[in-house]
1. So how much slack lies between Phe112 and Glu86, counting 0.36 nm per residue of separation and subtracting their Cα-Cα distance, in nm?
2. Which of the listed residues, Ile77, Thr8, Tyr18, is farthest toward the dipole's positive end in the range 1-79, when Lys, Arg count +1 and Asp, Glu count -1 at the beta-carbon?
3. Suppose we keep just the DSSP beta bridges with both residues in the chain; what percent of those would be antiparallel, to 5?
4. What does the net charge come to around Pro59 if you take all other residues with beta carbon closer than 15 Å to its beta carbon, with K and R at +1 and D and E at -1?
5. Residues with amide H under 5 Å of Ala98's amide H, sequence separation 5 or more or different chain, H placed in the peptide plane at 1.01 Å from N; which?
6. I'd like to know which of Pro64, Leu109, Ala98 lies farthest towards the positive end of the charge dipole of the chain, counting +1 on Cβ of Lys and Arg and -1 on Cβ of Asp and Glu.
7. From the mean inverse distance of alpha carbon pairs (Kirkwood) and the Cα radius of gyration, derive Rg over Rh for the chain.
8. Treating only the Cβ of Lys, Arg, Asp and Glu as charged (+1, +1, -1, -1), what charge dipole size does the range 1-59 show about its Cα centre? Round to the nearest 20 debye.
Amino acid sequence: MGFVSLATAQFDAMSAFYCGALGGTVLKSWDRDNARGMLLDLGGLRLELMDATRERNPPTLREPDGRFHLVIEVNNITERHRALPEGTPLPRAMSWGASVVTMLDPDGLKVFFLQWDTPNGPASQT
């Protein structure tokens, strides 16, 4: 199984968001002079957070441009919404057969919680 990796200059804020606000489970973490990071499980989506300020060759960080976003599938969008921070937008029904809650992480990356209207998602729709 692979994972998505995010480099950030706001490691503490990002780890608080993904571990605290989103309830991610830390699978492993590291904190060395030249590297700090963690691998999280976000309900089946594995996400690595890397502290870009600790890298020997720091990556060039840019603003999220809308081409990339995280999608976390959930079984009960209403229940998941209740567990998110106060002020998180309400779930919205989408025309393509799902309900979503959209929020931004501290770096401005869109994070979607998605519940399909049918048990098996779009593949079960004809």
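1. Difference between extended and current length: 7.7 nm.
2. Farthest along the dipole direction, towards plus: Thr8.
3. Restricted to the chain, the bridges split so that about 70 percent are antiparallel.
4. Working: positive: Arg36, Arg54, Arg56, Arg62; negative: Glu48, Asp51, Glu55, Glu63, Asp107.
With Lys, Arg at +1 and Asp, Glu at -1, the neighbours total -1.
5. Excluding prolines and chain starts, which carry no amide H, the hits are Asp117.
6. With unit charges placed on the Cβ atoms, the residue in question is Ala98.
7. Answer for the chain: 1.00.
8. 100 debye
Here, each number is a calculation from the coordinates, and none is a lab measurement. Just so it is clear, the structure is predicted and the values come from calculations on it, not from any experiment. Every residue, glycine as well, gets a Cβ built from its backbone with ideal geometry; the counts of neighbours run over all protein chains shown.
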